[in-house]
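*Asks:* There's a structure below that I have some questions on.
The values are calculated or read from the model by the stated rules, or taken from the named source; none is laboratory data. This structure is a prediction, so every number in the text was calculated from the model and none was measured. Don't worry about glycine lacking a Cβ; one is built from the backbone with ideal geometry, like all the others, and counts go over all protein chains shown. Ligands, DNA and RNA are excluded from the accessible area calculation, which covers all protein heavy atoms including side chains. Shrake-Rupley method; radii C 1.70, N 1.55, O 1.52, S 1.80 Å.
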Amino acid sequence: MASLRSQLERLVALRETFGAPAAREKLRLLRDLEHKSLGRAADVERLHEMLCFLRAWPDNPQLLKTVNRMLKDFSTRADLYRFAGRLENTGIAGTDIRFPFYLVTAEWLAERCGDALHIDWKRFDNVERLSGMLESVALFSERGALRQFLLDTPDWVERMRADDETGAAFLVRRLAALDDATALRDSVYDELDVPFHLLSSDTTPARTHEYLRPSAIRYQRRDIERSAVDLRQAATRRLRFEDVSGRRAIRLVDLAKSVMVARSRDLDAFAYANAKDVMRVECRKGIELVLIGILPARRYLLECEYGYLMFKNGVVAGYGTGTGLFGSCQVAFNLFPTFRGAETTELYESVLATFHRLFDADTFSVDSYQIGADNEEAIDSGAWWFYARMGFRPRDPAAIKLADAELRKAKTKGYRSSKDTLRELANYPLYFSLARKRQDVLPNVCTDTLSLGVLDYVSKRFGSRREEGARRCAQELATALGVDSISNWPADEQLMWQRLSPVIAAITDVRDWPKEDRAALVDVIRTKGGVHEKDYVALFDAHKRLRRAVAAFANKVAM
């Protein structure tokens, strides 16, 4: 065991060493480790992570072939079987996952791998609350039995399910079928906080098998270069965008969902993914991004968000979101621990270049959570310094003073910011601008504040008659913009008209606008409900009168 462990340690030590001698040694070590059992769960996981890394940064075809074979067969390893219990929630093939998934994610899992999805009753703290809800998921003719006979909740669920579904699949499908408004249904589900136990199976998502065949493999012949970061130059980098549709798009959406499930996470942008709005972006050095839009019914009120997966030689290296409007983009960037340190800045530059192109954005921001606000992982990793070294800076005067002091101290050899300082810095978002500094950028223009202003407007005008108020706003906007009827529009465009009418009513009187601006506003609203939400961003940002009105209204709203 000690010898095997030393071989594994040597393999890990060669992680970022490349060239012919290193490749030969890696291959020898892999062949030695392939059919032998490691003595600790942690070592099994380390071997798995090394295989994932070597698949993303392969030395040569022979080594890649060995890595692919070992990953394909990883779930059959004797040591994996022995330590499977200790490796729960690692996402390694052959291990189980326990997590309280979103309702929409649980629905997807029930269809994809329903036999493996179960309720984790021992960890279910809200069983009594579910007991009180069982009548809501039963037929009227069944409710008398639920009131009269005393059975435990797990027994009722077991009795009510069909033979070909698990109790988890039954519960998820019944909750999803409730006639309540979507927001209320989701709120009820969130309060239940149902813990799921996803058993290992052939269809269970696993990190081991995450792969997207690239157009070509980029082999790593030399040690990875860590050149100085130039985000201005990176933003203008040549990229190749490809729209993806049909079954290929559905497979990419499924991959994005699987990536989250395998890591015991959920992300709205993937959970509510729009398979009709998917793009592949070919970058350089074997890096590729997949962009996925959001279903119209789940889109933000004004901003536009795309989720993305990052790939290196077809291996999923991380994920995030880009939220755009006002010629700006708020970027969330999450690189998986296995791949940190190799080409982190190259991957980030690819993300920034992609959203610069997608949204025509000249300003980028990073929210407080990404750099450590209520996020100790970001504090531990020094996330603030990752962005600061690339040129991101705060805009708040107090934060600028503190950041400048840290940047001066960092010139002293061996200096490290304290965690308390990093936590203080993390209270302020960071910005990077490719053009002149502007104030009308995200998140300076706070759409949540704008929403508060809409709430005040609707409250004063309609009070409890909010549905009637929404209809009135929609009719008034149609009259002001010269729209005879929206009944023949696609359903998603009608939805956006209903959602945005109170916003426009609260912000300004569009009857005073020039004819061309009124016509352009109709296009903006309709495109918000279109297939490709990025098209809406282009129209919104081009509508100068609308942009000014929205920004001015958001800035004057008082809490």
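*Asks:* With all protein chains present, how much of the accessible area of the chain (probe radius 1.4 Å) comes from carbon and sulfur, to the nearest whole percent?
*Replies:* That fraction is 48 percent.
*Asks:* In vacuum, with every alpha carbon of the stretch 122-190 counted as one equal point scatterer, what does the Debye formula give for log10 I(q)/I(0) at q = 0.21, 0.25 Å⁻¹? Two decimals, please.
*Replies:* Taken in order of the listed q values, log10 I(q)/I(0) reads -0.99, -1.35.
*Asks:* Extent of the stretch 32-143 along each principal axis, from alpha carbon coordinates, in Å, largest to smallest?
*Replies:* Result for the stretch 32-143: principal-axis Cα extents of 65, 28, 19 Å.
*Asks:* Counting only Cα, what are the radius of gyration and maximum Cα-Cα distance Dmax of the stretch 103-154, in Å?
*Replies:* Both quantities, over Cα of the stretch 103-154: 13.3, 36 Å.
*Asks:* What are the equivalent ellipsoid semi-axes of the stretch 397-478, built from the alpha-carbon gyration tensor (square roots of five times its eigenvalues), in whole angstrom, biggest first?
*Replies:* 46, 15, 8
*Asks:* Output the pairs from Lys276/Lys534; Lys515/Lys556; Lys26/Lys285; Lys285/Lys312; Lys460/Lys528; Lys515/Lys544 with a Cα-Cα distance over 18 Å in this structure; if there are none, say none.
*Replies:* With Cα atoms farther than 18 Å apart: Lys515/Lys556; Lys26/Lys285; Lys460/Lys528.
*Asks:* Using 0.36 nm per residue of separation minus the Cα-Cα distance, give me the extension gain between Arg147 and Val229 in nm, one decimal.
*Replies:* Full-extension gain reported as 22.9 nm.
*Asks:* Continuing with this model, one more query. Summing -39500 (n - 2.57) over the DSSP H runs of n ≥ 4 in the chain and dividing by its residue number, what mean residue ellipticity at 222 nm do you reach, to the nearest 500 deg cm²/dmol?
*Replies:* Here the helix-only value at 222 nm equals -15000 deg cm²/dmol.
*Asks:* So how compact is the stretch 403-550: Cα radius of gyration and Dmax in angstrom?
*Replies:* 21.3, 70
*Asks:* For the stretch 454-494, build the convex hull from the C-alpha positions and give me its volume per residue in Å³.
*Replies:* On the way: hull volume 3.5 nm³, N = 41.
Taking only Cα atoms, the stretch 454-494 has a hull volume of 84 Å³ per residue.
*Asks:* Now for a separate question. Would you list, by chain and number, the lysines whose Cα falls below 28 Å from the Cα of Lys419, excluding same-chain residues fewer than 8 positions away?
*Replies:* Partners within reach: Lys401, Lys409, Lys411.
*Asks:* Can I ask one more? Tell me, what are the semi-axes, in whole angstrom and largest first, of the equivalent ellipsoid of the stretch 335-462 as set by the roots of 5 times the Cα gyration tensor eigenvalues?
*Replies:* Output for the stretch 335-462: semi-axes of 30, 19, 15 Å.
*Asks:* How far apart, in nm, are two points set 7 Å out from the Cα along the Cα-to-Cβ line at Gln439 and at Asp164?
*Replies:* Each label point lies 7 Å from its Cα, and together they span 6.3 nm.
*Asks:* Sorted from largest to smallest, which semi-axis lengths in Å does the alpha carbon gyration tensor of the stretch 223-346 give for its equivalent ellipsoid, taking the root of 5 times each eigenvalue? Working shown, then result.
*Replies:* Working: eigenvalues 112, 62, 42 Å².
So the three semi-axes of the stretch 223-346 are 24, 18, 15 Å.
*Asks:* Would you mind working out the accessible area per residue for the stretch 1-127, using a 1.4 Å probe, and quoting it in Å²?
*Replies:* Using a 1.4 Å probe on heavy atoms only, each residue of the stretch 1-127 averages 45 Å².
*Asks:* What per residue convex hull volume, in Å³, comes out for the stretch 246-295 when only alpha-carbon positions are used?
*Replies:* 76 Å³
*Asks:* Once you compute Rg and the Kirkwood Rh from C-alpha atoms, what is the Rg to Rh ratio for the stretch 205-251?
*Replies:* 1.06
*Asks:* Amide H of Ala317 versus every other amide H placed in the peptide plane: which residues, excluding those fewer than 5 positions away on the same chain, fall under 5 Å?
*Replies:* Those lying under 5 Å, H to H, from Ala317 are Met310, Phe311, Lys312.
*Asks:* How are the alpha carbon pair distances in the stretch 179-275 distributed across 10 Å bins from zero to the largest one, expressed in percent?
*Replies:* Going from the shortest bin to the longest, the percentages are 10, 25, 31, 21, 11, 2.
*Asks:* With all distinct Cα pairs included, what does the Kirkwood hydrodynamic radius of the stretch 286-365 come out to in Å, to one decimal, could you say? Present the calculation step by step, with values, prior to reporting the outcome.
*Replies:* Values: mean 1/r = 0.0771 Å⁻¹.
Answer for the stretch 286-365: a Kirkwood hydrodynamic radius of 13.0 Å.
*Asks:* Continuing with the same structure: Quick one: grab Rg to one decimal and Dmax as a whole number for the chain, Cα atoms only, in Å.
*Replies:* 26.3, 81
*Asks:* Oh, and also: Classify the stretch 482-547 from the C-alpha gyration tensor, please: rounded if a/c falls under 1.5, else prolate or oblate depending on whether a/b exceeds b/c.
*Replies:* oblate
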